[in-house]
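The values are calculated or read from the model by the stated rules, or taken from the named source; none is laboratory data. Keep in mind that what you see is a predicted model, and the values were worked out from it rather than measured. Backbone-built Cβ (ideal geometry, glycine too); neighbour counts: all protein chains shown. For the accessible areas, the whole protein counts, side chains as well, though only heavy atoms, and no ligand, DNA or RNA atoms are used. Shrake-Rupley method; radii C 1.70, N 1.55, O 1.52, S 1.80 Å.
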Amino acid sequence: MALRFVGIDPNTGDANCPSVWIDERDGSFVIQGWEVVDPEERAEIAARSAILEHERIVRIPARMRDILLEACSAQAVDDVR
């Protein structure tokens, strides 16, 4: 798999997570984040969309908004196609 690094949480000091990647083959996102384990939050999510056994819910801090926007931008998508 050819993953292109987009960015990491600016508060991590270049270590740990969360981070955002783009799969260069199809432009899909790969997200590394903190797993949501709070039962109330998981129940709220599951009420709208079932959480399958092989799926994980992750949290990305708001301070990473610009990194996510970069990953979503037409420029980023065009670069991988």
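At-a-glance table
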| item | result |
| --- | --- |
| Per residue value of the accessible surface for the chain (all protein chains in place, 1.4 Å probe), Å² | 72 |
| Value in Å of the Kirkwood radius, where the chain supplies the Cα pairs that are averaged | 14.0 |
| Computed [θ] at 222 nm, helices only, for the chain once each DSSP H run of length n ≥ 4 contributes -39500 (n - 2.57) | -8500 deg cm²/dmol |
| Contact order relative to length of the chain, as percent, for alpha carbon pairs under 8 angstrom and 6 or more apart | 32 |
| Exposed GluC sites (Glu not before Pro) absent: longest stretch of the chain, with sites in DSSP loops and at most 12 other Cβ within 10 Å deemed exposed | 1-52 |
| Per-residue ³J(HN,Hα) for the stretch 53-69, Karplus 6.51 cos²θ - 1.76 cosθ + 1.60, θ = phi - 60°, Hz, x for Gly and Pro | 4, 8, 9, 10, 9, 10, 10, 10, x, 4, 5, 9, 3, 5, 5, 5, 5 |
| Rounded, prolate or oblate (a/c below 1.5 giving rounded, otherwise prolate when a/b exceeds b/c) for the stretch 4-48 by Cα gyration tensor | oblate |
| Gain in span if fully extended, Ser73 to Glu44, counting 0.36 nm per residue against the direct Cα distance | 7.5 nm |
| List Trp21, Trp34, ordered by accessible area with a 1.4 Å probe, largest first | Trp34, Trp21 |
| Residue among Asp66, Asp38, Asp26 with the largest mean-square fluctuation in a Gaussian network model of the chain, springs linking Cα atoms under 10 Å | Asp38 |
| Rounded accessible area of Ile22 (nearest 10 Å², 1.4 Å probe) | 0 |
| Cα-based shape type of the stretch 24-65, given that a ≥ b ≥ c are square roots of the gyration tensor eigenvalues and the cut on a/c is 1.5 | oblate |
| Accessible surface of the chain, 1.4 Å probe, proportion on carbon and sulfur as whole % | 50 |
